[in-house]
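Q: Before I ask anything, let me first share the structure, which is written out below as structure tokens.
The values are calculated or read from the model by the stated rules, or taken from the named source; none is laboratory data. All values reported here derive from a predicted model rather than from experimental measurement. A quick note on method: Cβ atoms are made from the backbone with ideal geometry, for glycine too, and the neighbour counts reach across all protein chains shown.
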Amino acid sequence: MNKNINYREFLEDVPLPITYCKIIKNDINIIYKVEYINEAMVKILNLDQEIYNEDILELLPVFKEDRYYKELFDDKCKTIKRYIPKINDWMYIKKQFIGEEYILLYFDFLMYDYRKLIDESNRLEEKFYIKDKDGLYLDCSRNMLKILNKEQDELFGKTDLEIWGKRNADTIKQFREKALSNKEVRGRVMIEDDEKTFSIRTYFIYDKDEFIGEIGTINSIVRKNTNKKYNTKDFIRAIENHIPDNIFFKDINMKIIGFNSSFLELTRIGRDELIGRDASEIPVFKQFYKKVHEIDNDIIQNKRERIYDLELEIDNQKIIIEIIKIPFLDNCGSVMGIAGVARDVSKRTIKETGIEKLRLDYFVNLSHELKTPINLIISSLQIIERREKELLKENITLNKNVKIIKQNGNRILKLVENIINLTKLESGHTSLKLQNEDIVYFIEEICMSVTQFANQNNIQLVFDTQIEEFVMAFDTESIERVVLNLLSNAIKYNKANGKIYVDLSKNDKNFIIKVADDGIGIPTEKLDKIFNRFEQVNDKMASRVKGTGIGLSLVKSLVELHGGNIRVNSILGVGSEFIVEIPITLNENEDSYINSKIINDIGMKMEIEFSDI
């Protein structure tokens, strides 16, 4: 990279996916030649690290399309929001020119993981497509290509007019314009060709209030005869399967005998597995079997309607469904079974959708407007510290100011990351990566890394374990965050020359982590609120430190995501003890384990976590 060789080291410190390119201009066009990509970029594109002199269009072929090509190479366009088929997701792409010869391209995911919706459509073998904001097709499933009788490259960049013809294109256009004018997030439209009628369910994708594209699923619902007369049974079945509510039928023995496609999707099991099963044999309803059985029995015995709610956990996300059940009778008035409708009423539990929108908008703004520049500031300071050691030694004032900038940058970054992570947890966008690891070794290594920092603050860290080695399944990143936060609080709210005690043990069901200190303690009236968001201990003894009141709320959410719990014992003026219990499980998909080594950037994580001490 010649005179710009210093950017390689800079890029390696930046956590965002970045590509560094040389700008080559001639009379005809502009070319971005890739000179370096950092590790994060390699990971999301599954690339070879050693990629040099490669045209950026070969790495991201979506920009070969004329209108996207202009977007990428226009000097005035600093930010791009574009679906990247190679990644299967929408991305922010920010451009930063380095003089006239080089350019940095920063990549960042939008807030919502749309790949989950795409992956789920693939799992159910649905016919789905992806369009950009201008209505051009970008990607689709194999089944979609089959019904269109086209290849992937024949679909890319095409319009509805080219795919479905003028009449259907006009229908889709009217539907789309009306939905977007009302800021709708989903909708359904019907179109038809010479042989079939199609139901298109569309999910409109927004970044804040800006529409950026759509994902749609297509189902053929009626095969028509030449005289336009429909088979009644098929027609009723088609309507039933495209009602968005979940419809099901049970026999007199309370076993499933029929259902529509929405109910099948809700249960997350196969069609053949669902027929003939009762609630105890359907995973999403299993824990409510007794309640469901009692209600069904009441409906059959007393021939009456019942309405009730259930809180289900599907794909690591809790939803509330309202179930309406009625008995269906034969000509003699005898009960033949139960007909039921279940609908998602989760939004009814939220007082106003405006609050949710503000929270998610806040998350997006923080994520993309704060985190990126803060990371760049901190990375730049790290380069200064490494390369200008002598200057910083000689200039005490400069050294002090650099440390102040770095510490406060880390404090802002900690606040941003905590809010982002908490928002992800609450909106169901966080999943655990459970691995079989030696949790004793893992936590001990974290404690050893923190010991020096504790000593610098005149705090002694005492580590004790009743077991030398214990392998179980846990998410290393989450548990690391939990332990670091508890140790940070133990240092922050401790007394001069105080101690921190970390004790590990287990019982038949749980692995137990205890972090205790002999610090200022927590008032009794605060003990049941300490894990609430933005809750802080307002105490004169704690005035020397400032917190946000988010950390313990995040810790509680991460522990509960493991199926565990956290509690605190405290005496004001004596100290506090936090007790974390994680259920003992093993990931059966892993045959063995490898001792987790503390992640290489533990030092940076400590700097961020301990920045407000």
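Q: Under 9 Å between Cβ atoms, which residue pairs at least 6 apart in sequence (or on different chains) link something in segment 335-359 that is at pLDDT below 65 with a partner that is β-branched (Val, Ile, Thr) and outside any helix (DSSP H, G or I)?
A: 349/320; 356/350
Q: Further, regarding this structure: Identify, please: which residue in segment 447-466 is modelled with pLDDT under 90 and in contact with a helix residue (DSSP H, G or I) (Cβ under 8 Å, 6 or more places away or on another chain) and is, among those, farthest from residue 589 (Cα to Cα)?
A: If we take residues in segment 447-466 being modelled with pLDDT under 90 and in contact with a helix residue (DSSP H, G or I) (Cβ under 8 Å, 6 or more places away or on another chain), then 457 is farthest from residue 589 (Cα to Cα).
Q: Then there is this: Given 474, 511, which one is outside the structural domain of residue 414 (by TED's automatic domain parsing), at pLDDT 90 or above, surrounded by 20 or more Cβ atoms within 10 Å (Cβ to Cβ) and farther than 19 Å from residue 464 by Cα?
A: 474
Q: Considering (1) of a type in the set (S, T, N, Q); (2) modelled with pLDDT of 80 or more; (3) within 30 Å of residue 430 (Cβ to Cβ), say which one residue 395 fails and leave the rest.
A: (3)
Q: Another one. What number goes with the only condition from (1) modelled with pLDDT of 80 or more; (2) over 23 Å from the mean Cα position of the chain (by Cα); (3) surrounded by 14 or more Cβ atoms within 10 Å (Cβ to Cβ); (4) under 27 Å from residue 243 (Cβ atoms) that residue 197 does not pass?
A: (1)
Q: Let me ask something else about it. Quickly run through segment 452-466 and pick out the residues that are surrounded by 13 or more Cβ atoms within 10 Å (Cβ to Cβ) and either not in a strand (DSSP E or B) or not assigned by TED's automatic domain parsing to the domain that holds residue 495 (or both).
A: Once the filter is applied, which keeps residues that are surrounded by 13 or more Cβ atoms within 10 Å (Cβ to Cβ) and either not in a strand (DSSP E or B) or not assigned by TED's automatic domain parsing to the domain that holds residue 495 (or both), segment 452-466 yields 453, 454, 457, 459.
Q: Can you confirm whether residue 80 is at pLDDT 85 or above, of a type outside the set (Gly, Ala, Ser), surrounded by 14 or more Cβ atoms within 10 Å (Cβ to Cβ) and within 18 Å of residue 23 (Cβ to Cβ)?
A: Against the criterion (at pLDDT 85 or above, of a type outside the set (Gly, Ala, Ser), surrounded by 14 or more Cβ atoms within 10 Å (Cβ to Cβ) and within 18 Å of residue 23 (Cβ to Cβ)), residue 80 qualifies.
Q: Something else: Would you tally the residues in segment 17-72 being in a loop (DSSP other than H, G, I, E, B), of a type in the set (Val, Ile, Thr) and loosely packed, with under 15 Cβ neighbours inside 10 Å?
A: 1
Q: It is to be established whether one or more residues within segment 551-563 are assigned to a strand (DSSP E or B), under 23 Å from the mean Cα position of the chain (by Cα) and at pLDDT 90 or above.
A: There is no residue in segment 551-563 that is assigned to a strand (DSSP E or B), under 23 Å from the mean Cα position of the chain (by Cα) and at pLDDT 90 or above.
Q: Regarding segment 283-290, can at least one residue be identified that is in contact with a Pro (Cβ under 7 Å, 6 or more places away or on another chain) and at pLDDT 85 or above?
A: No, segment 283-290 has no match at all.
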